[in-house]
Structure formats: structure tokens, C-alpha cells
1. Kirkwood hydrodynamic radius (Cα pairs, Å) of segment 75-121?
2. Going by accessible area, probe 1.4 Å, with all protein chains left in place, what is the ranking of ASP49, ASP72, largest first?
3. How would you classify segment 29-91 from its alpha-carbon gyration tensor, with a ≥ b ≥ c the square roots of the eigenvalues: rounded for a/c under 1.5, else prolate if a/b is greater than b/c, otherwise oblate?
4. For segment 33-44, in order, what is each residue's ³J(HN,Hα) by Karplus, 6.51 cos²θ - 1.76 cosθ + 1.60 with θ = phi - 60°, in whole Hz (x at glycine and Pro)?
5. Accessible area of segment 25-88 with a 1.4 Å probe: how many percent of it is carbon plus sulfur?
6. In segment 32-100, what is the count of Lys pairs whose alpha carbons are under 28 Å apart, counting only pairs at least 8 residues apart or on separate chains?
Amino acid sequence: MAQYQAKSVRLHETQGFSDVVKLVASLDKEKGEQLREKYVQEVEHYQSDKEDISKEAKDLEAERDLAGRKADRFDGGEAFLEIGLVICSITLLTKHKLFWIGGMLAGTLGVALAFTGFFLH
């Protein structure tokens with residue numbers, strides 16, 4: 001983002017210099033035309049650079065968003081695994097098999113949810 005802003009600043013400076021050259025061109029037409037051509041080329045260069053940087057930034061944003069979605073899946077899977085562990089621990093205190101089954105189901109759900117994080121595109 002900072003690189004895009006720097007290119008924008010340079011572009012605006014170059015456009016300003018181009019306007020100044022138009023004023024000076026009336027004094028020495030040949031030199032003024034040379035300067036004007038130079039700044040027109042620089043403006044074109046900075047505009048094309050901004051487009052390239054903008055495309056790269058959008059690609060990086062998409063990559064960041066994908067990593068965020070994967071992280072959400074992994075975090076959710078971890079939460080279900082921990083919940084399953086706690087529920088299974090209750091089995092030791094109560095000696096009821098129902099808690100063990102519920103804990104195993106929650107743990108299985110956690111593993112499945114985390115596993116889906118590997119398949120996101």
C-alpha cells in the first residue's frame with residue numbers, strides 16, 4: 001500500500017512539473033517541448049507502475065483472506081477438540097458412558113472441521 005501511495009505522489013508531482021513546463025515553454029519553445037515530452041513519459045511510467053502495484057496488492061489481499069478463512073476452520077476444529085476432551089473428562093467423574101460418546105462426537109467434529117481447512121481455495 002505504501003508503495004502505491006508513493007507512486008501516486010510521484011505521479012502528481014510529475015503532473016505538476018508538466019504544468020510548470022507548459023508555462024515556461026513560451027520562453028524557449030524547443031527546450032520547453034523537450035521538458036514536456038520528458039514529463040509526459042514519466043507520467044505514463046508512474047501510471048503503469050501504479051496499475052501493476054494495484055494488481056499485486058489485490059492478489060496479496062486475496063491470499064490474506066484465504067489464510068484467514070483457513071485459520072477460522074483450524075480454530076473451530078481446535079475448539080471442538082477441547083470441548084470433546086472436557087466432556088470425555090466428565091466421564092471419569094460420573095462413570096456414565098454417555099459423556100464419553102458425546103466427547104468423542106465433539107472431538108470427531110473438531111477433527112473434521114479442521115480437516116476442511118486444508119481444502120479451501
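The values are calculated or read from the model by the stated rules, or taken from the named source; none is laboratory data. Predicted model only: the values in this text are computed from it and were never measured. For the accessible areas, the whole protein counts, side chains as well, though only heavy atoms, and no ligand, DNA or RNA atoms are used. Shrake-Rupley method; radii C 1.70, N 1.55, O 1.52, S 1.80 Å.
1. Details: mean 1/r = 0.0934 Å⁻¹.
For segment 75-121, the Kirkwood estimate is 10.7 Å.
2. Details: ASP49 30, ASP72 105 Å².
Descending accessible area places them as ASP72, ASP49.
3. Details: a/c = 16.49, a/b = 9.58, b/c = 1.72.
Taking the square roots of the gyration eigenvalues as a ≥ b ≥ c, segment 29-91 is prolate.
4. Going residue by residue, I get 5, 5, 5, 4, 4, 4, 6, 5, 5, 5, 4, 4 Hz, with x marking Gly and Pro.
5. Numbers: 2580 of 4830 Å².
Roughly 53 percent, rounded to a whole number.
6. Details: LYS38/LYS50; LYS38/LYS55; LYS50/LYS58; LYS55/LYS70; LYS58/LYS70.
Lysine pair count for segment 32-100: 5.
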